[in-house]
Amino acid sequence: MTNDKLDRLQQLRNTAVQGGGADAIERQHKKGKLTARERLDVLLDDGSFHEMGLFVGSAPAKFGDSKNHLGDGLVGGAGRINGRRVIVYSQDFTVMGGSLGERHAEKILKLMAKARALGIPIVGIFDSGGARIQEGVQSLAGYASIFRENTISSGVIPQIAVILGPCAGGAVYSPGLQDFTFMVSGSSHMFLTGPDVIKTVLHEEISFEDLGGASVHTGKSGVAHFRSENEVQCLKCVRDLLGYLPSNNKELAPRTGAAGDDPERRDSALGEIVPLDPGKPYEIKGVITSVMD
Ligand code: HXC
């Protein structure tokens, strides 16, 4: 390639990695949130990320103004976590609020299919206003295909959803179909329609936190499984969780001798917890705590 072409390629690369631009990145940081790329840096082993689809442009808008962003608001590819291969994608809120348009959806679909073909876990980081309004029904079709992929991959490879911002409208169904969902207190919110719509339609006032915050989904609805205090802690928990999981349904889970719990250990309390009378209730948590490492 001539130097001109290499310079042009470098220029395109620089533009693409900037996402929605310096101002939008500053706004993201001011909310105490990392960017899509910074999150992948924390999640993955150093230097292991191989990006795919960096130069995919946005589809033309059906409604309103067309905005062409290289990467279309999604950073995705392959990487390693504690040496094991994974597929990852991270929605970029600085690009049209991380909303899902046609190309954004196509990128996720390709990554999901690749993870299943390779038999390796897939981790999605969600920070999105849902279906991209400007692309109309194409966005909804994108979601439908993603949900279908989620169900095909279910029970085949681990699917992990990490909610690190708003996760609105169509964006919430896919995490709901996955195996493990992580949230962060105060900044993660999962809901189908936001407080403003609820106020208009139902005349009820509700805060983001009460509608779809981390405590609601880990404490009441059961939609999410893990709650962390900040993004870095959350992404480190994802790394830890993967250490317990097999990469696919044909592998055994990784084994470690580090538990330090003697398999021959006897606990006489177990004889007291479960009553002889099968009609009597008992506290199952005591049994679990005693039996588990
Ligand atoms: C296009 C969107 C968008 C969307 C946000 N943006 N959501 N663009 N489609 N769905 C854009 C905003 O216009 C804005 O662009 C930028 O992203 C940042 O958004 P803000 O509102 O400034 O950010 P914030 O105050 O943090 O609020 C975030 C938010 C709010 C809570 C997510 O944007 C919001 O409520 N969005 C709409 C959520 C929603 O109702 N989604 C449902 C879509 S329908 P500029 O250019 O101003 O920076 C759907 C149905 C699916 O998903 C059905 C599936 C089967």
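What number goes with the only condition from (1) charged (D, E, K, R); (2) in contact with a Phe, Trp or Tyr (Cβ under 6 Å, 6 or more places away or on another chain); (3) not in a strand (DSSP E or B) that Asp127 does not pass?
(3)
Say we look at the stretch 133-157 and pick out the residues that are modelled with pLDDT of 95 or more and outside any helix (DSSP H, G or I); which of these is nearest to Ala36 (Cα to Cα)?
Ile157
Looking only at the stretch 52-103, filter to residues that are among the aliphatic types (A, V, I, L, M), open to solvent by 10 Å² or more (accessible area, probe 1.4 Å) and not in a loop (DSSP other than H, G, I, E, B); which one of those is nearest to the ligand (Cβ to nearest atom)? Show your work before the answer.
Just the residues of the stretch 52-103 that are among the aliphatic types (A, V, I, L, M), to begin with: 52, 54, 56, 59, 61, 70, 74-75, 78, 81, 86-88, 95-96, 100.
Remaining after also requiring open to solvent by 10 Å² or more (accessible area, probe 1.4 Å): 52, 54, 56, 61, 70, 78, 96.
Restricting the remaining residues to those that are not in a loop (DSSP other than H, G, I, E, B) gives 52, 78, 96.
Values: Met52: 24, Ala78: 28, Met96: 5 Å.
Out of the qualifying residues, it is Met96.
Would you be able to tell me the number of residues in the stretch 218-245 that are assigned to a loop (DSSP other than H, G, I, E, B) and touching a residue at least 12 places away in the same chain (Cβ under 8 Å)?
Qualifying residue count, the stretch 218-245: 7.
Would the stretch 144-166 turn up any residue that is farther than 30 Å from Pro254 by Cβ, of a type in the set (A, V, I, L, M, F, W, C) and within 16 Å of the ligand (Cβ to nearest atom)?
Yes, the stretch 144-166 contains a residue that is farther than 30 Å from Pro254 by Cβ, of a type in the set (A, V, I, L, M, F, W, C) and within 16 Å of the ligand (Cβ to nearest atom).
Evaluate the following for Ile160: is it of a type outside the set (Phe, Trp, Tyr), outside any helix (DSSP H, G or I) and under 30 Å from Arg80 (Cα atoms)?
Values: of a type outside the set (Phe, Trp, Tyr): yes; outside any helix (DSSP H, G or I): yes; under 30 Å from Arg80 (Cα atoms): yes.
Taking the combined requirement at face value, the residue satisfies it.
Looking at the stretch 106-140 only, could you name the residues that are open to solvent by 10 Å² or more (accessible area, probe 1.4 Å) and near the ligand (Cβ under 9 Å from one of its atoms)?
Within the stretch 106-140, Gly129, Ala131, Ile133, Gln134, Leu140 qualify.
Across the stretch 141-161, what is the total count of residues that are on the phi > 0 side of the Ramachandran plot and either among the charged types (D, E, K, R) or buried (at least 22 other Cβ atoms within 10 Å of the Cβ) (or both)? Spell out the reasoning first.
Residues of the stretch 141-161 that are on the phi > 0 side of the Ramachandran plot, as a first pass: 155.
After this cut, where a residue has to be either among the charged types (D, E, K, R) or buried (at least 22 other Cβ atoms within 10 Å of the Cβ) (or both) as well, the list is none.
Qualifying residue count, the stretch 141-161: 0.
Starting from the stretch 167-178, keep only residues that are in contact (Cβ under 8 Å) with a residue 40 or more places away in the chain and on the phi > 0 side of the Ramachandran plot, then list their pairs with residues that are open to solvent by 20 Å² or more (accessible area, probe 1.4 Å) and near the ligand (Cβ under 10 Å from one of its atoms) whose Cβ atoms are within a distance under 8 Å, requiring at least 6 positions of separation or different chains.
Note: pairs meeting the criteria are Gly169/Gly129; Gly169/Ala131; Gly169/Leu192; Gly169/Thr193.
When you look at Gly83, is it among the small types (Gly, Ala, Ser) and more than 18 Å from the chain's Cα centre (by Cα), yes or no? Please lay out each step first, then the result.
Details: among the small types (Gly, Ala, Ser): yes; more than 18 Å from the chain's Cα centre (by Cα): yes.
For Gly83, the condition - among the small types (Gly, Ala, Ser) and more than 18 Å from the chain's Cα centre (by Cα) - is met.
I need the full set of residues from the stretch 178-217 which are assigned to a loop (DSSP other than H, G, I, E, B), open to solvent by 70 Å² or more (accessible area, probe 1.4 Å) and more than 11 Å from the ligand (Cβ to nearest atom), in order please. Before the answer, list the steps.
As a first pass, look at the stretch 178-217 and keep what is assigned to a loop (DSSP other than H, G, I, E, B): 178-179, 185-188, 192-194, 203-207, 213.
Remaining after also requiring open to solvent by 70 Å² or more (accessible area, probe 1.4 Å): 192, 203-205.
Across the stretch 178-217, the qualifying residues are His203, Glu204, Glu205.
The values are calculated or read from the model by the stated rules, or taken from the named source; none is laboratory data. Only a predicted model underlies this, so the values are computations on that prediction, with no experimental measurement involved. All Cβ positions, glycine included, derive from the backbone under ideal geometry; neighbour counts span all protein chains shown. Remember, those area values only see protein heavy atoms, side chains included, never the ligands or the DNA or RNA. Shrake-Rupley method; radii C 1.70, N 1.55, O 1.52, S 1.80 Å.
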